[in-house]
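The values are calculated or read from the model by the stated rules, or taken from the named source; none is laboratory data. These numbers were taken from a predicted model, which means no experiment stands behind them. Please note: Cβ atoms are built from the backbone with ideal geometry, for glycine as well, and neighbour counts cover all protein chains shown.
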Amino acid sequence: MKPSTRPEARRFDAIIVGRRVAGCAMAIHLTRAGFSVAVVERDVVPSDTLSTHLIQDVSLFAELGVLREVMACGAPPLREIALHIDGVDLSTSNPDRPWLCLRRISLDAVLSAAVNRTGALVFEQTAVVDLLRSGDRVSGVVVQAPDGTRRELHASLVIGADGRNSTVGRLVGARKYDITHNERTAYWGYYAGVPMANSFHFSRRGRDLMLVAPCDQGMTLVAGQPPLDDERDWRDPAVLESVATELVAPLRGVLSRATLVGEVRAVRRMDGFFRDAAGPGWALVGDAGHFKDIVVGQGICDALRQASALSKRLVPLLRAEPSVVDAALQGWWRERDADARPMYWMAQDLGRVETDVLDQEVLRLIAGSARHRRRLQQVLAHHRPATDVNGMKVQISAMARALLRPSVSVAELRRAVGGGVERQRERLSPQRRAAALPAVRVVGNISGIPAQQGSPQWSG
């Protein structure tokens, strides 16, 4: 039997698809500003989900009014950042702005409860199956309940906050651009009974890479990112534990006595991308619009920053004329890309399996100064631009230092420089840059059909 559609329809200022970090943050910002909001979530939340765990800027939760609840989850403040990359010690302390490592099932519970308190109407275990259109604009969604019943929800704006495989992104035909392919996979587990200091550990040695940190509920996250072609069975806890104890000194002699809670989790394909961030009557936020290599653990804070930035543009004018809202969305799209792109490429570089002598020299240059190490920590927390530690000035200094190092041959350095230049040329190619601009579209024309003379357009 074909699922029925209820005749009654509801109208909102905004419909948010997705009730995880980005979706909850958007709902909180907009409802506090007095807008009517519906949140549609296909799953039960909170529940386990693929995600990074690091939170490098807890002030983002203060902006949402949930900092106290987040801290009450029990994740200890991480005031020491231990970074060891191919024998180079880049560690630094972070007493004033500690990081957190928080499991998503705990974080999502806090954010979902906060959304419930705002008065937003939440449709849980409800899937978006189609979009509504008014003329050329997206004007709402068709949702389906678990029993197959369908209904229409109307809104001035539909916001997709529904993850990497965004339904909203697919239905509007949002392009992907600046696509990168991950060179590493990821395996992680939670261990109880690990006596270690409240520090975040990032250790890369050769082809192996480990991230370790105490998180909430007295557990410790142990995560490995081996190359895609690694033949070891990382789902076997013994493999994960063996590499972890080899690369992360505080785990030696203690991880073997700890208890793995649940099983080792895994994800293999994590291609990075940007998607068109907005169009007539719609926008994408969080992983729905942009996803980078998880090695830098930026996903949670990216989602919070994007939701904050988009809300600030929308709040003054969400009920304004569509052309005014469209201009704001297009401006936010450019803002998102400008903010995300430097860290996007830095994440890809950190996740590369093969490194060269220039990479090593940049690390030594940073490690040689407490100021530079602190700057790296600030870059990873998104408080400084990534170019502060990998920009042209740093690269030139590293090349000069490498030329003076007897162990580095001119041929090695030439290959390293050539590889770096080629990567930059590819990233800045006219074809890639053209794809990174907002597409020329008729306002509301999802299909991209050429505009009639005099009609407004989306334009880069």
Yes or no: GLU361 crowded, with 20+ Cβ neighbours inside 10 Å and part of a helix (DSSP H, G or I)? yes
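Rundown of residues vs (1) modelled with pLDDT under 95; (2) in a strand (DSSP E or B); (3) touching a Phe, Trp or Tyr at 6+ places or on another chain (Cβ under 8 Å), yes/no style:
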| residue | (1), (2), (3) |
| --- | --- |
| ALA82 | no, yes, yes |
| PRO95 | yes, no, no |
| LEU100 | no, yes, no |
| VAL110 | no, no, no |
| VAL115 | no, no, no |
| VAL128 | no, yes, no |
| LEU132 | no, yes, no |
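So for region 239-260 (the condition being within 25 Å of VAL21 (Cβ to Cβ), of a type in the set (Gly, Ala, Ser) and touching a Phe, Trp or Tyr at 6+ places or on another chain (Cβ under 8 Å)), does at least one residue qualify?
Here is the first cut: in region 239-260, the ones within 25 Å of VAL21 (Cβ to Cβ) are none.
Checked against the condition, which is being within 25 Å of VAL21 (Cβ to Cβ), of a type in the set (Gly, Ala, Ser) and touching a Phe, Trp or Tyr at 6+ places or on another chain (Cβ under 8 Å), region 239-260 yields no hits at all.
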For region 272-286, does any single residue satisfy the condition of being part of a helix (DSSP H, G or I) and out of contact with any Asp or Glu (no Cβ under 9 Å at 6 or more places or on another chain)? no
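Restricting attention to region 215-242, and to residues there that are assigned to a helix (DSSP H, G or I) and either crowded, with 21+ Cβ neighbours inside 10 Å or among the polar types (S, T, N, Q) (or both), which single residue is nearest to the chain's Cα centre (by Cα)? I'd like the intermediate steps shown before the answer.
Going through region 215-242, the residues assigned to a helix (DSSP H, G or I) turn out to be 216-218, 237-242.
With either crowded, with 21+ Cβ neighbours inside 10 Å or among the polar types (S, T, N, Q) (or both) added as a condition, the list becomes 216-217, 240, 242.
Working: ASP216: 20, GLN217: 24, LEU240: 24, SER242: 29 Å.
Checking each candidate, the answer is ASP216.
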What pairs come out if I take residues in region 263-289 that are under 18 Å from ALA327 (Cβ atoms) and pair them with residues that are among the hydroxyl-bearing types (Ser, Thr, Tyr) and surrounded by 14 or more Cβ atoms within 10 Å (Cβ to Cβ) whose C-beta lies under 7 Å away, six or more apart or interchain? GLY281/SER139; LEU284/SER166
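So which of ALA75, ALA82, ALA114, ALA62 ends up being farther than 24 Å from VAL222 by Cβ and outside the structural domain of ALA25 (by TED's automatic domain parsing)? Can you show your working first?
Details: ALA75 fails: farther than 24 Å from VAL222 by Cβ; ALA82 fails: farther than 24 Å from VAL222 by Cβ; ALA114 fails: outside the structural domain of ALA25 (by TED's automatic domain parsing).
Exactly one residue qualifies, and that residue is ALA62.
Each row is one residue, and each column tells you yes or no for (1) of a type in the set (D, E, K, R); (2) outside the structural domain of ARG175 (by TED's automatic domain parsing).
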position: ARG334; (1), (2): yes, no
position: ARG364; (1), (2): yes, yes
position: SER369; (1), (2): no, yes
position: ARG375; (1), (2): yes, yes
position: ASN390; (1), (2): no, yes
position: LYS393; (1), (2): yes, yes
position: ARG414; (1), (2): yes, yes
position: GLY419; (1), (2): no, yes
